[in-house]
Amino acid sequence: MDRELLQALYRYCYCLTAHSSQAEDLLQTSIERWIKCRAKPANPRAYIRAIIRNQFIDDCRRLKVVDFESLDENAPALLDERCLEEIFIQHDLIEHLFDRLNAAEREVLYLWAVEGFSTAEIAEDLGQPRGSILSRLHRIKLKSVALELDQSSKLVRGQTK
């Protein structure tokens, strides 16, 4: 396992946990499970991501942490992932956006923006319907637009840091 793969897996863990120390613990636990595993899959990167995701879910259950956000039934559906590409997210807003996203949204954003997966690939990788992935991307888009509007109004009022 090379340094580049470890860094990518750490970033994935960080996207799930949103805390560096928790991400380090999650990565270590997952790597230990992978090393103990006798089967060596054809795509170790995807296999280790699955171990990380499962370990994260197990940890959340054990700690009774529920990361759930209900869907607005009247919200319009995001029909094409290119809509999200058209939104320009300024660098200083990314940290604020990251704080507003739940673990599932951060995971989808990571796989889409960093790993370059399509919505179909994300759905297959996570074992979820493509519509669920599109819904998460839509919520990310709404949160990013709301954050940009909030930051713009603070600039107008002179309330920036």
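For this structure, a couple of remarks:
- Residues that are of a type in the set (Lys, Arg) and assigned to a helix (DSSP H, G or I) within the stretch 11-70 comprise Arg11, Arg33, Lys36, Arg45, Arg49, Arg53, Arg61, Arg62, listed in sequence order.
- Some residue of the stretch 116-127 being at pLDDT below 55 and among the β-branched types (Val, Ile, Thr): no
- Leu9 vs. criteria at pLDDT 90 or above, of a type outside the set (Lys, Arg) and either assigned by TED's automatic domain parsing to the domain that holds Phe117 or out of contact with any strand residue (DSSP E or B) (no Cβ under 7 Å at 6 or more places or on another chain) (or both): yes
The values are calculated or read from the model by the stated rules, or taken from the named source; none is laboratory data. Keep in mind that what you see is a predicted model, and the values were worked out from it rather than measured. Neighbour counts run over all protein chains shown; Cβ positions are idealised from the backbone, glycine included.
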